[in-house]
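What follows is a short report on a single structure.
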Number of protein chains: 2
Amino acid sequence: MVQRSVQMDQPVENPATRVAAVMSAIRNRIANRTLTPGARLPSVRQAATLFKVSTSTVVTAYERLVAEGAVLSRPGSGFYVANQAAPFTLSEVGPRLDRAVDPFWVSRQSLEAGDSGLKPGCGWLPPSWLPEDAIRRAIRQLTRSEAPVLVAYASPLGLPQLRQLIARRMADRGIEVSPEQIMLTESGIQAIDFLCRFLLEPGDTVLVDDPCYFNFHALLRAHRANIVSVPYTPTGPDMERFATVVAEQRPRLYITNCGIHNPTGAVLSPVAAHRILKLAEQHDMIIIEDDIFADFEHVPAPRLAAFDGLDRVVHIGSFSKTLSASVRCGFIAARPDWLDGLTDLKIATSFGGGRLATELVWTVLSDGSYRKHLDSLKVRLSQAMITVAGQLRSLGIVPWFEPQAGIFLWCQLPDGIDAADVARFALDRGIVLAPGNAFSLSQSATQMMRFNVSQMQDQTILPVLKQALDHARQLNRASSQAK
Amino acid sequence: MVQRSVQMDQPVENPATRVAAVMSAIRNRIANRTLTPGARLPSVRQAATLFKVSTSTVVTAYERLVAEGAVLSRPGSGFYVANQAAPFTLSEVGPRLDRAVDPFWVSRQSLEAGDSGLKPGCGWLPPSWLPEDAIRRAIRQLTRSEAPVLVAYASPLGLPQLRQLIARRMADRGIEVSPEQIMLTESGIQAIDFLCRFLLEPGDTVLVDDPCYFNFHALLRAHRANIVSVPYTPTGPDMERFATVVAEQRPRLYITNCGIHNPTGAVLSPVAAHRILKLAEQHDMIIIEDDIFADFEHVPAPRLAAFDGLDRVVHIGSFSKTLSASVRCGFIAARPDWLDGLTDLKIATSFGGGRLATELVWTVLSDGSYRKHLDSLKVRLSQAMITVAGQLRSLGIVPWFEPQAGIFLWCQLPDGIDAADVARFALDRGIVLAPGNAFSLSQSATQMMRFNVSQMQDQTILPVLKQALDHARQLNRASSQAK
């Protein structure tokens, strides 16, 4: 993205530009420390003379700087350089993105769309696809719990029965782990957040897939990490590029999905898994493998943690995709000597975990009906996958990969259409889509889009999508005629 | 605390010291970059010659460095400098504390003590003092909720009805706030954590009270902040010291309790509140006021946010102290222009909040019985406060202040007794206490101890406390005779 800078070298003629010029001059002096924190700015009169503008221009400029937080006004005394930087806003870190492809924007639109909003761009199932009855049953059971379950803090690692159950489930996927190596968290993303706090210093390099789950970018920006990416292929990362980036950039961490990759639906091949682990060992890199789509799988794919024995691979998961996103519960499974440090971080930043939520998750998971729910859910998803792929193909939208399981279709739009144009058009009609560049660090997924097949059931979505494609085609035509 | 360093200038004679010397020599070479990440260490034979030790000493030293993570072993190839620093552990930041007064240790002991453990050192009520029936009623009501309440993500700011209710409750304490200025969080400490992420850069200076809630220290260490403190008096911080520290150290943030101060039970005077706000404005400092003990108050104390109108004061709270610590829910009330940035951080690090928990809290709070619960709770606490203060005085333990409300008594031990000695003795007998230095950045509360009056009901506590005091007196006598 090319940033258009204000033309500061031109003579300053219009009033808005004059205000901007004064603001910019003051900002520069603050940046190069000609004006240090606490210093008094030139008086309005002095500044008017200095910058050859009117006093009212200076007043406007100073007031805007006050509004920005760069400058303080002390009535009767003047204007001073603020002591402190403006608050840390994630949107200011990293490249400024078009709102239509900004990761936050997609998340917020989806979360704000409400229960009845149309959101094929979101990453979760419609409420009616989740095990509502099992949850109601578990809640009823909760009313008969002992008082501490209802009112007291959880233990630092969290409910022992649930950690045992998670260890057994991991064993089914070939990962040997003791319940003492498992710490419960509020969510899968909070699990990764704890690990970033534990493993990263600001400025450390972190490797992600391109494309990857967009919130990895957001989270890593919050940790002030230097993010690098490697293209993802239908069998895992492009191994040649992966080897080069790992050797040259020396990332501290690699964050990826296991089982089913988000957004592509691809699955890591055993060969790629082996090479990734060898490179990680050779270059002392730690891997976080995010397994939150585990329960969608028909056949378990290879897990890096299974090969590695949880040495330099950390495994995280949650139950928000197949059980409930309202009942928050995730987990970290890591090498034993890390649990103390992770527990300290959990206590420091969130004290005890949500005991009620973990009891509820445990009750549902140990209820035989959860298995049955999964079986019928998987059938329903397979059918939706076929239907939606067909519908999209009829519009010229082609899946990049035919996933064996999961909820996502990662698709190429026809005719060089920009997914951001399509997303903008759809949003004006109340439909939240997920344009490819929200997932792509290199911004190379302009013509890609992720569809959640479970959220494509509403009859109004396809017609709007068709209109959006036509609209985007017209935009393309208009822009090529203009050239 | 004086750190005793290993005597590295002395001739190296005993085997353990020889191993330590080799480790230290290698660590120094890594620190001064004579050995850079990825570099091969001298072979075992070379190192033995170089350091004039046996090869087995070198092997032991290298293996320990591998265990520490500073060095990697590649079988058949040798030892290499690890690419990366060891994980960030909070216990390594800041001074190394005696376990008996380490903030993490007190928290972990309390959380691990389980539901039946004796813990007058903890910061919460016994389960039987909390509104168990109201929670069971609210849970029963939940089973009749619409499906999305049970399975879908919350909106980014969180349940609107609960935010409205919090705004009304804040209005009762003189703080004008719109529900749009309120963001729900998982807990009070998570609320402060979001604000630290939003407002702090690593290395920024943060001011706390001395003593203060020990988890403030832990949280600020996680943010790599530079922590400074000012002594707390019965009417608020020592204002002369406060003014000096603010002017000289230029803290970005001041984190404090409002209403009832933890651990002292003191209440800020209006005069101190006014001076704090003036100094904050003058030196561009932001204040986080933590109001989690609000519902214990008989008469509302002045809130900084009420005077300031939520401009440079941010107000946070939670329901873990008077409603439930198992159902996680806290909140931030801040100036309107900060909400977007805070929401981005929430999405990036925890995505949607816990919808079920917020519905549950809202149901209980809007149930008339919560008020009644508070009324009888306050009576019960006042009685416990009087009884426990009398019991402690009979042992020579004197409250520093007679709190008007709340759960804590901050007390001075008799005869120069060290609270850490008392805490260690009690812990061996299964009782978790809270020695003063866990709360004190300056470590000047050696003879102080915080008692939670609601957790002093068990008959076995006082006799053990008496024995612990006698034991500590003997230790004092022995150490003064040794001098």
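A single member of A:L339, A:L377, A:L392, A:L345 is within 28 Å of A:A445 (Cβ to Cβ) and either part of a helix (DSSP H, G or I) or not acidic (D, E) (or both), and it is A:L392. Of all the residues in region A:173-199, those that are hydrophobic (A, V, I, L, M, F, W, C) and within 17 Å of A:G123 (Cβ to Cβ) number 3. For region A:200-218, residues that are of a type in the set (A, V, I, L, M) and either at pLDDT 95 or above or in contact with a strand residue (DSSP E or B) (Cβ under 6 Å, 6 or more places away or on another chain) (or both) total 3. For B:D284, the test of being within 11 Å of chain A (Cβ to nearest Cβ), assigned to a helix (DSSP H, G or I), modelled with pLDDT under 95 and surrounded by fewer than 21 Cβ atoms within 10 Å (Cβ to Cβ) is failed.
Look at (1) part of a helix (DSSP H, G or I); (2) more than 24 Å from A:P211 (Cα to Cα) and you find that A:L111 fails only one, number (2).
Residue-wise test of (1) assigned to a loop (DSSP other than H, G, I, E, B); (2) under 20 Å from the mean Cα position of the chain (by Cα).
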| site | (1), (2) |
| --- | --- |
| A:L441 | yes, yes |
| A:T446 | yes, yes |
| A:M449 | no, yes |
| A:Q457 | yes, no |
| A:H471 | no, no |
| A:L475 | no, no |
| A:S480 | no, no |
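Considered as a group, the residues in region B:130-147 that are more than 9 Å from chain A (Cβ to nearest Cβ) and buried (at least 18 other Cβ atoms within 10 Å of the Cβ) include one that is nearest to B:G406 (Cα to Cα), and that residue is B:A134. Filtering B:V246, B:V313 for residues that are touching a Leu at 6+ places or on another chain (Cβ under 8 Å) and either within 11 Å of chain A (Cβ to nearest Cβ) or closer than 30 Å to B:R380 by Cα (or both) leaves a single hit, B:V246. In region A:285-306, the residues that are within 17 Å of A:F319 (Cβ to Cβ) and not assigned by TED's automatic domain parsing to the domain that holds A:Q404 form Cβ pairs under 6 Å with partners that are assigned to a helix (DSSP H, G or I) and not aliphatic (A, V, I, L, M), at six or more places apart or across chains, as follows: A:I292/A:G188.
Taking the stated definitions as given, is A:Q7 of a type outside the set (V, I, T), surrounded by 15 or more Cβ atoms within 10 Å (Cβ to Cβ) and either assigned to a loop (DSSP other than H, G, I, E, B) or at pLDDT below 80 (or both)? For A:Q7, the condition - of a type outside the set (V, I, T), surrounded by 15 or more Cβ atoms within 10 Å (Cβ to Cβ) and either assigned to a loop (DSSP other than H, G, I, E, B) or at pLDDT below 80 (or both) - is not met. Here the condition is being among the hydrophobic types (A, V, I, L, M, F, W, C), more than 25 Å from the chain's Cα centre (by Cα) and either modelled with pLDDT of 95 or more or assigned to a helix (DSSP H, G or I) (or both); of B:V149, B:V228, B:V245, it holds for B:V149 alone. Within region B:348-373, the set of residues being over 24 Å from A:G330 (Cα atoms), in a helix (DSSP H, G or I) and without any contact (Cβ under 8 Å) to a residue 24 or more places away in the chain comprises B:R371, B:K372. No other residue among B:R241, B:R252, B:R221 is within 14 Å of another protein chain (Cβ to nearest Cβ) and closer than 29 Å to B:L409 by Cβ apart from B:R221. Restricting A:G406, A:G368 to those that are away from every other protein chain (no Cβ under 14 Å) and crowded, with 24+ Cβ neighbours inside 10 Å reduces the list to A:G406. Quick one: in region A:296-321, of everything that is touching a helix residue (DSSP H, G or I) at 6+ places or on another chain (Cβ under 6 Å) and surrounded by fewer than 22 Cβ atoms within 10 Å (Cβ to Cβ), which residue is modelled with the lowest pLDDT? Top of the filtered list is A:P302.
Checked against (1) at pLDDT 90 or above; (2) more than 9 Å from every other protein chain (Cβ to nearest Cβ); (3) assigned to a loop (DSSP other than H, G, I, E, B), B:A86 passes all but a single condition, namely (1).
Anything in region A:233-249 that is in contact (Cβ under 8 Å) with a residue 40 or more places away in the chain and buried (at least 17 other Cβ atoms within 10 Å of the Cβ)? List them, or say none. Passing the criteria: only A:G236. Each residue in region B:52-73 was checked for being modelled with pLDDT of 80 or more and assigned to a helix (DSSP H, G or I), and 12 pass. Looking at A:K378, is it within 14 Å of another protein chain (Cβ to nearest Cβ) and in contact (Cβ under 8 Å) with a residue 60 or more places away in the chain? Answer is no for this residue.
Residue by residue, here is whether (1) under 21 Å from A:W105 (Cα atoms); (2) at pLDDT 95 or above; (3) among the aromatic types (F, W, Y) holds:
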| position | (1), (2), (3) |
| --- | --- |
| A:P414 | no, yes, no |
| A:D421 | yes, no, no |
| A:D428 | yes, no, no |
| A:M448 | yes, yes, no |
| A:Q457 | no, no, no |
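For B:D337, are the conditions met, namely being modelled with pLDDT under 90 and at negative phi? Judged against the criteria, B:D337 is not a match.
Taken together, the residues in region A:250-273 that are in a helix (DSSP H, G or I) and either buried (at least 16 other Cβ atoms within 10 Å of the Cβ) or basic (K, R) (or both) amount to 2. Looking only at region A:149-176, how many residues end up being free of Cβ contacts under 8 Å to residues at least 40 places away in the same chain and at the interface with another protein chain (Cβ under 10 Å from one of its Cβ atoms)? The total comes to 1. Return yes or no: is A:F198 outside the structural domain of A:M449 (by TED's automatic domain parsing), closer than 30 Å to A:H298 by Cα, over 13 Å from the mean Cα position of the chain (by Cα) and surrounded by fewer than 24 Cβ atoms within 10 Å (Cβ to Cβ)? No, not satisfied.
The values are calculated or read from the model by the stated rules, or taken from the named source; none is laboratory data. In this text the structure is predicted, and so the values were computed from the model without any measurement. No Cβ is skipped: glycine too gets one built from the backbone with ideal geometry, and neighbour counts run over all protein chains shown.
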